[in-house]
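Colleague: Got a structure for you, written out below as structure tokens; questions coming shortly.
The values are calculated or read from the model by the stated rules, or taken from the named source; none is laboratory data. Being a predicted model, the structure only gives us computed values, none of them experimental. Here the Cβ positions follow ideal geometry from the backbone for every residue, glycine too, while neighbour counts run over all protein chains shown. Just the protein is used for accessible areas: all its heavy atoms, side chains included, with ligands, DNA and RNA removed. Shrake-Rupley method; radii C 1.70, N 1.55, O 1.52, S 1.80 Å.
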Amino acid sequence: MMDAFFRPVSGFDLPRFAGVPTFMRLPHVGFGHPRFAEVEIGLIGAPWDGGTTNRPGARHGPRQLRDLSTMIRAVNGATWVAPFELARCADLGDVAPNPGDLMDSMARMEAFYTHVVAAGIRPLTGGGDHLCSLPILRAVAKARPVGMIQFDSHTDLNDVYFGTSRYNHGTPFRRAVEEGLIEPSRYVLIGIRGTAYGREDWDFAEANGIRIIPIAEFHARGAEDVMAEAREIVGSAPVYVTYDIDFVDPTFAPGTGTPEVGGPNSWQALQVARGLRGLDVVGADLVEVSPPFDASGGTAWLGISLMFEMLCVMAERVARG
């Protein structure tokens, strides 16, 4: 039976509207905590949107995600996975970015996650804009490149914005491939749609053997079939999962900076997350929740529900050893 310390606070013991909100009501275990070394999955906030090129606000995402996460209970009602019984989970707190310096913020994030990974902890992050994923990958893939499954409406494989900007939320995975953090043959993007600047990102993907499944194909084939292919592409080796909330249609997730119509509904959003079961997910993130565009919290509630689904997948893997 799991150590009581790592159990989330039950709504039967403390009302869900009371207490200090941590991710899923888990204990807050910072780097200096005496039980830090026991944590197996660490939930982390990345309150930074210095890579945003249009509508900002994702820096406030982790705080709203934590608040809405007080409604998460102990058992997955669809899969009956009880993640807090399978792995020692804790809220590791927030990365502290530098709001005035993009490169320093990325260095701070890489250092934070390097410490987490060195402790043998699998990180599950609530962002933040999508550039947050690059410094996380630099830590997670420091020892070896990883496969990646990306749920998104944009490829984020662009090269340069405005002639000079190589680091923003439209470029992180171009940089990650160039830096050898991601194995291109084990990299699949799902849900891509919307208007485009051109084909440069698609040409880069094709030249490097990266699989893109556009939204029309996703809808034609269905979530189950698409995820079967995704699992085949990444295989049994370590994989990172990045989930941009704008993968979901803005009818269901309006609180994001760059929405695109025609996306999956909230049920399909959950289906693809459950389709990760069995993979060796060594880290994951849920990014681009922007509370200013959905103060009601509906987008954040979907976001934290997706984080819980990914947590269930990661906890099953930890339990298998």
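Colleague: Could you please tell me which pairs satisfy a Cβ distance under 7 Å, a separation of 6+ or placement on different chains, a first residue in the range 294-309 that is closer than 19 Å to L279 by Cα, and a second residue that is of a type in the set (V, I, T) and outside any helix (DSSP H, G or I)?
Modeller: F308/I72
Colleague: I need a count of the residues in the range 192-228 that are more than 18 Å from P172 (Cα to Cα), among the aliphatic types (A, V, I, L, M) and surrounded by 15 or more Cβ atoms within 10 Å (Cβ to Cβ).
Modeller: 5
Colleague: Taking D67 as the residue in question, decide whether it is among the acidic types (D, E), more than 19 Å from the chain's Cα centre (by Cα) and either at pLDDT 95 or above or over 23 Å from P21 (Cα atoms) (or both).
Modeller: Values: among the acidic types (D, E): yes; more than 19 Å from the chain's Cα centre (by Cα): no; either at pLDDT 95 or above or over 23 Å from P21 (Cα atoms) (or both): yes.
No; evaluated as a whole, the condition is false for this residue.
Colleague: Hey, among G61, G50, which residue is assigned to a helix (DSSP H, G or I) and crowded, with 22+ Cβ neighbours inside 10 Å?
Modeller: G61
Colleague: Only one of these conditions is not met by S266: (1) over 13 Å from the mean Cα position of the chain (by Cα); (2) farther than 16 Å from G191 by Cα; (3) hydroxyl-bearing (S, T, Y); (4) surrounded by fewer than 24 Cβ atoms within 10 Å (Cβ to Cβ). Which number is it?
Modeller: (2)
Colleague: Do any residues in the range 54-73 that are touching a residue at least 12 places away in the same chain (Cβ under 8 Å) and under 12 Å from S290 (Cβ atoms) have Cβ atoms under 8 Å from those of residues that are part of a helix (DSSP H, G or I) and of a type in the set (G, A, S), where the two are at least six apart or on different chains, and which pairs are they?
Modeller: Final answer for the pair search is G61/A300; G61/G303; Q64/A300; L65/A300; L65/G303.
Colleague: Still on this model: Please tell me if F23 is open to solvent by less than 30 Å² (accessible area, probe 1.4 Å), on the phi < 0 side of the Ramachandran plot, touching a Ser or Thr at 6+ places or on another chain (Cβ under 6 Å) and not small (G, A, S).
Modeller: Numbers: open to solvent by less than 30 Å² (accessible area, probe 1.4 Å): yes; on the phi < 0 side of the Ramachandran plot: yes; touching a Ser or Thr at 6+ places or on another chain (Cβ under 6 Å): yes; not small (G, A, S): yes.
For F23, the condition - open to solvent by less than 30 Å² (accessible area, probe 1.4 Å), on the phi < 0 side of the Ramachandran plot, touching a Ser or Thr at 6+ places or on another chain (Cβ under 6 Å) and not small (G, A, S) - is met.
Colleague: With respect to R108, determine if the residue is at pLDDT 95 or above, part of a helix (DSSP H, G or I), in contact with an Asp or Glu (Cβ under 8 Å, 6 or more places away or on another chain) and open to solvent by 50 Å² or more (accessible area, probe 1.4 Å). So that I can check it myself, show each step before the final result.
Modeller: Values: at pLDDT 95 or above: yes; part of a helix (DSSP H, G or I): yes; in contact with an Asp or Glu (Cβ under 8 Å, 6 or more places away or on another chain): no; open to solvent by 50 Å² or more (accessible area, probe 1.4 Å): yes.
Here the answer is no, as R108 does not meet what is asked.
Colleague: Sticking with this structure for a sec: V81: within 20 Å of the chain's Cα centre (by Cα) and more than 21 Å from F36 (Cα to Cα), yes or no?
Modeller: yes
Colleague: Looking only at the range 30-40, decide whether some residue is within 17 Å of the chain's Cα centre (by Cα) and either hydrophobic (A, V, I, L, M, F, W, C) or open to solvent by 60 Å² or more (accessible area, probe 1.4 Å) (or both).
Modeller: No, the range 30-40 contains no residue that is within 17 Å of the chain's Cα centre (by Cα) and either hydrophobic (A, V, I, L, M, F, W, C) or open to solvent by 60 Å² or more (accessible area, probe 1.4 Å) (or both).
Colleague: Among the residues of the range 159-170, count how many are touching a residue at least 12 places away in the same chain (Cβ under 8 Å) and either surrounded by 24 or more Cβ atoms within 10 Å (Cβ to Cβ) or of a type in the set (K, R) (or both).
Modeller: The number of residues fulfilling the criteria is 2.
Colleague: Could you say whether any residue in the range 272-288 is acidic (D, E), part of a loop (DSSP other than H, G, I, E, B), closer than 19 Å to H130 by Cα and within 15 Å of the chain's Cα centre (by Cα)?
Modeller: Yes, the range 272-288 has at least one match.
Colleague: Which residues, counting only those in the range 166-212, are aliphatic (A, V, I, L, M) and within 24 Å of A141 (Cα to Cα)?
Modeller: Passing the criteria: A176, V177, L181, I182, V188, L189, I190, A205, A207, I210, I212.
Colleague: Right, here's the next one. Given the residues A300, A253, which is the only one that is outside any loop (DSSP other than H, G, I, E, B), crowded, with 24+ Cβ neighbours inside 10 Å and either on the phi < 0 side of the Ramachandran plot or modelled with pLDDT under 95 (or both)?
Modeller: Answer to the selection: A300.
Colleague: A follow-up question, please. When you check V188 against the structure, is it without any contact (Cβ under 8 Å) to a residue 60 or more places away in the chain, open to solvent by less than 10 Å² (accessible area, probe 1.4 Å) and among the aliphatic types (A, V, I, L, M), yes or no? Explain how you work it out, then say what you get.
Modeller: Working: without any contact (Cβ under 8 Å) to a residue 60 or more places away in the chain: yes; open to solvent by less than 10 Å² (accessible area, probe 1.4 Å): yes; among the aliphatic types (A, V, I, L, M): yes.
Yes, satisfied.
Colleague: For the range 65-105, how many residues are among the small types (G, A, S), touching a helix residue (DSSP H, G or I) at 6+ places or on another chain (Cβ under 9 Å) and in a loop (DSSP other than H, G, I, E, B)? Steps first, please.
Modeller: Taking the range 65-105 first, the residues among the small types (G, A, S) are 69, 74, 77-78, 82, 87, 90, 93, 96, 100, 105.
Narrowing further to those that are touching a helix residue (DSSP H, G or I) at 6+ places or on another chain (Cβ under 9 Å): 69, 74, 78, 82, 87, 90, 96, 105.
Add one more test, that the residue is in a loop (DSSP other than H, G, I, E, B), and what stays is 74, 78, 82, 87, 96.
Of the residues in that region, 5 qualify.
Colleague: Would a scan of the range 250-266 turn up a residue that is acidic (D, E), over 30 Å from R320 (Cα atoms) and without any contact (Cβ under 8 Å) to a residue 12 or more places away in the chain?
Modeller: No, the range 250-266 has no match at all.
Colleague: Another question, if that's okay. Name the one entry in P83, P99, P123 that is modelled with pLDDT under 95 and either open to solvent by less than 10 Å² (accessible area, probe 1.4 Å) or touching a Lys or Arg at 6+ places or on another chain (Cβ under 9 Å) (or both).
Modeller: Working: P83 fails: modelled with pLDDT under 95; P123 fails: modelled with pLDDT under 95.
Matching residue, one of P83, P99, P123: P99.
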